[in-house]
Every structure is written in structure tokens, then in C-alpha cells.
1. Restricting attention to the stretch 160-185, report how many residues are within 17 Å of the chain's Cα centre (by Cα), of a type outside the set (Asp, Glu) and surrounded by fewer than 20 Cβ atoms within 10 Å (Cβ to Cβ).
2. Hey, can you tell me all the residues within the stretch 120-134 that are surrounded by fewer than 21 Cβ atoms within 10 Å (Cβ to Cβ) and either free of Cβ contacts under 8 Å to residues at least 60 places away in the same chain or of a type in the set (D, E, K, R) (or both)?
3. Can we say residue 140 is buried (at least 19 other Cβ atoms within 10 Å of the Cβ) and over 24 Å from residue 41 (Cα atoms)?
4. Pick out the one residue from 234, 208 that is charged (D, E, K, R), out of contact with any Lys or Arg (no Cβ under 6 Å at 6 or more places or on another chain) and at pLDDT 90 or above.
5. Can you tell me which residue among 197, 216 is touching a residue at least 24 places away in the same chain (Cβ under 8 Å) and within 16 Å of the chain's Cα centre (by Cα)?
6. For the stretch 70-96, what are the residues that are under 23 Å from residue 117 (Cα atoms), part of a helix (DSSP H, G or I) and free of Cβ contacts under 8 Å to residues at least 60 places away in the same chain?
7. So which of 167, 121, 115, 102 ends up being more than 28 Å from residue 221 (Cβ to Cβ), among the aliphatic types (A, V, I, L, M), modelled with pLDDT of 95 or more and not in a loop (DSSP other than H, G, I, E, B)?
Amino acid sequence: MASKSSDVPVDSGIVELLWTSGWDSTFRLLGALFLEDVAVQPHYIVDRQRASHPAELRAMAKISRALALALPEAAGRLLPTITVERDEIPPHPKTTEMFASLAARGPIGSQYEWLARYTLLAGLEDLELSIHRDDRANAYLIGNVTKFREQPFAAYRLAPDARGSDLDLFANFVFPIFDLSKVDMREHAARHGFLDILELSWFCHKPRAGDVPCGICNPCRDAVAEGVGYRLPRSSRIRQAAHGIVPWTKVTNKLFRR
């Protein structure tokens with residue numbers, strides 16, 4: 001749990017959201033549309049270096065269609081996605097320097113560097129970034145964020161006394177699901193009636209033919225570690241066992257359980 005709080009509200013009526021089609025950002029998108037009277041402006045960065053981007057776009061289309069059927073009035077508040085090529089985001093030496101400083105402390109995803117540069121390109125000061133409780137980046141931010149909203153889920157931004165440090169990399173972001181785990185999100189989605197749409201989200205970075213999760217990339221591993229490994233099909237779980245990610249006994253027990 002973050003350690004600092006503030007009662008300063010920040011609500012423009014439009015949620016600027018980085019949407020990847022993944023579980024976390026899709027949960028935030030659906031939560032905003034189902035539980036808040038706001039519009040959602042998704043932003044998607046096309047990373048041609050990642051093999052999953054066609055699968056991500058297909059997942060977004062499926063989610064949008066399902067939303068239109070399930071809750072037409074909410075679908076009308078989902079604005080057309082703003083799409084930018086990663087290679088079109090200009091360099092910014094200070095941002096790169098801050099990222100390098102954080103990376104020297106320990107593991108942190110390289111996407112945060114170019115996402116921070118994107119906020120500068122787009123002129124955004126409150127892009128919602130779906131860092132959740134089990135994300136590696138959460139460890140850098142815990143105790144350095146301030147709460148500004150309680151409902152429907154606690155939302156945070158970088159605390160004033162964390163400014164001026166390498167954490168300024170996150171200065172233009174809002175963290176709307178910072179306290180939640182993937183299991184928490186699943187429970188909330190089930191309670192509020194949008195779990196079936198959330199399950200259409202995508203997570204694998206190296207999908208096989210037919211949009212089958214590979215089972216061995218980091219997001220596939222994280223799905224298992226964070227309690228939603230059931231989303232991996234049988235073939236993907238077998239691949240995990242073959243690569244030593246999970247024990248064979250764990251896989252065979254599931255495959256042959258009566």
C-alpha cells in the first residue's frame with residue numbers, strides 16, 4: 001500500500017489511458033466505463049519490435065465489440081484510440097538519463113523510458129498507466145506516490161517530494177490500479193459484471209499461430225505467478241513445463257485430473 005495521501009481531486013471527465021489490450025489496462029478501461037461517468041481516450045503505442053502487436057490490435061477490436069453489445073451507453077464513451085508508432089517518438093536526453101539511473105538500481109521495463117517520452121510528445125500530464133501491485137515498477141514508486149482519488153479504486157500520482165529525482169520519469173502518469181493484484185481485478189470484474197470482456201484481453205509477447213500464448217515469455221510467466229495462469233491453454237502449460245518454468249507434475253495433474 002502506498003504510504004502518502006492527499007485529497008486533491010483531479011478529474012477532467014476524460015480518462016487518458018495507455019491501453020495495451022492487456023489484463024491491467026483493460027481492467028482500468030472497463031472499470032472507468034462501467035463504474036464512472038467518464039469518457040476514455042485510449043492511447044496505444046505500436047512497438048514493431050514486439051511480435052504481439054497484431055494480436056493486441058485484434059484483442060482491442062474484440063473488446064470494443066463486446067463492450068458495444070454488453071453496455072452500448074458505455075461504448076459510446078470509448079473514444080477512438082490514438083495510435084503512435086514507437087519509432088516516431090522523439091528522443092529526450094533527460095528522460096533517457098532518468099531511466100538509466102532507475103535501471104542501475106534494479107530491473108525495470110524499458111517501455112517506461114519511451115512511454116515517458118510519449119507523454120512529452122503528446123503534451124499529457126495525467127496519462128493513466130496501469131502499474132499494479134505486483135509490477136516491478138511498483139517497488140520503485142511505493143512510498144513515493146500520493147493518493148488523489150478513492151473511487152472506484154484508489155488512484156495515485158508521483159508525490160511532490162519525489163520530484164526532482166530520477167522518479168520524475170513517472171511525473172506525467174497517474175496510477176489508477178496501484179494497490180490491486182490481478183486476482184483482485186478478476187474479483188472486481190466478476191462483481192461488477194465485466195469479467196467476460198476482461199477475459200478477451202491479451203498478454204503474451206510472442207504468440208504462436210492462431211493467437212496462442214507462447215507460455216514462456218515474461219507476461220506468460222507473470223500470468224502464472226500472479227494467479228491467472230488458467231488463461232494459458234494446455235499447449236502453453238506443456239511448453240512451460242518443457243522449459244522448466246513449472247514442474248511437469250503440476251501440468252500433468254491439471255491435464256489428467258478427473
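The values are calculated or read from the model by the stated rules, or taken from the named source; none is laboratory data. Being a predicted model, the structure only gives us computed values, none of them experimental. Positions of Cβ are generated from backbone atoms using ideal geometry, with glycine treated the same way; all protein chains shown enter the neighbour counts.
1. Going through the stretch 160-185 one residue at a time, the tally reaches 2.
2. Restricting attention to the stretch 120-134, the residues satisfying the condition of being surrounded by fewer than 21 Cβ atoms within 10 Å (Cβ to Cβ) are 120-127, 133-134.
Residues satisfying the conditions are 120, 121, 123, 125, 126, 133, 134.
3. Numbers: buried (at least 19 other Cβ atoms within 10 Å of the Cβ): yes; over 24 Å from residue 41 (Cα atoms): yes.
Against the criterion (buried (at least 19 other Cβ atoms within 10 Å of the Cβ) and over 24 Å from residue 41 (Cα atoms)), residue 140 qualifies.
4. Values: 234 fails: at pLDDT 90 or above.
Criteria check complete, one pass: 208.
5. Values: 216 fails: within 16 Å of the chain's Cα centre (by Cα).
Result: 197 is the single residue among 197, 216 that is touching a residue at least 24 places away in the same chain (Cβ under 8 Å) and within 16 Å of the chain's Cα centre (by Cα).
6. Our first condition is that a residue be under 23 Å from residue 117 (Cα atoms); within the stretch 70-96, this holds for 79-96.
Pick out the ones that are also part of a helix (DSSP H, G or I) and you get 86-88, 93-96.
Once the filter is applied, which keeps residues that are under 23 Å from residue 117 (Cα atoms), part of a helix (DSSP H, G or I) and free of Cβ contacts under 8 Å to residues at least 60 places away in the same chain, the stretch 70-96 yields 86, 87, 88, 93, 94, 96.
7. Details: 167 fails: more than 28 Å from residue 221 (Cβ to Cβ); 115 fails: more than 28 Å from residue 221 (Cβ to Cβ); 102 fails: more than 28 Å from residue 221 (Cβ to Cβ).
Unique residue meeting the criteria: 121.
Here's the yes/no breakdown for (1) in contact with a helix residue (DSSP H, G or I) (Cβ under 6 Å, 6 or more places away or on another chain); (2) among the hydroxyl-bearing types (Ser, Thr, Tyr); (3) on the phi > 0 side of the Ramachandran plot:
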| position | (1), (2), (3) |
| --- | --- |
| 21 | yes, yes, yes |
| 44 | no, yes, no |
| 52 | no, yes, no |
| 64 | no, yes, no |
| 82 | no, no, no |
| 97 | no, no, no |
